[in-house]
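Throughout, read-outs are computed from the coordinates displayed, never taken from laboratory work. Computed from a predicted structure; not experimentally measured. Counting neighbours? That spans all protein chains shown, and the Cβs are built from the backbone with ideal geometry, glycine included.
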Amino acid sequence: MDTITCIKKLGYVGTLTFATVDKNGHPQARSISAIHYEPDAIYFYTARGKNFCQQLLADGHVQILALTKYKEMIRLSAVAKPVPDNEQEHWKDVIFEEQPYLVNVYPGDTRNIGIIFCIRDAQIEYFFLGSHPIEREYLTMGNTEPERKGFEITDSCIACGTCQSVCPQGCIEEGEIFHIQSNHCLHCGNCFENCPAEAIIRLD
């Protein structure tokens, strides 16, 4: 899997879940389909009066989630920024042409109530549930460092094998210090909870 393929898959799904946090610290999620995809950027449209827009203008942090029909989960974490004023009309034209239903929602000049936001730098997590063991990859778009998530076995490991025996995905390799295959890890924490030496740490 690679970043460009993940972006293409988001486009195939079409309607994505965008999550932000409101001024009270409460999570807010909504479905967005007014989106245009470039190999290195995602553009989307929303109206200035919406709470979603105000949260983006205040903070910009957003998480995007999609689930394909093949049980692939794609999660993108980023900061969205309004495109420059001199580019707003161009990207509105692009999105309204690609999404004809928007003319019914914002007919005529009422589309000017909206703002185009752009995401260029993002962390991407690809998670495929259709295989055993599962497949997980961490990717980036733009100038972003990948996050480390899940669990890791430290030097305190006593090589007892308990973690390996309780892993539902069978993704722990034997050794003097046992090793978790992060690309197959479910992040369930069963190894963490059952390690008698407390040798497993949570990365995040």
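Points to keep in mind about this one:
- Unit Cα scatterers, Debye sum, the chain: log10 I(q)/I(0) for q = 0.10 Å⁻¹: -0.53
- Helix axis angle, 3-13 relative to the chain longest principal axis, alpha carbon, degrees: 60
- P(r) weight above 16 Å for segment 151-202, C-alpha pairs, percent: 22
- Max mean-square fluctuation residue, GNM over the chain, Cα-Cα springs under 10 Å, options Ala34, Ala58, Ala122: Ala58
- Each of Met1, Gln28, Leu76 was placed along the dipole of the chain (beta-carbon charges, centred on the mean Cα), and the one lying farthest toward the positive end is Gln28.
- Mean Cβ count within 10 Å, highest first, over the residues of peptides 93-101, 181-189: 181-189, 93-101
- Relative contact order %, the chain, counting alpha carbon pairs below 8 Å whose residues are six or more apart: 17
- Inter-probe distance in nm under a simple model that places probes 7 Å from Cα toward Cβ, at Asn86 and Asp109: 2.4
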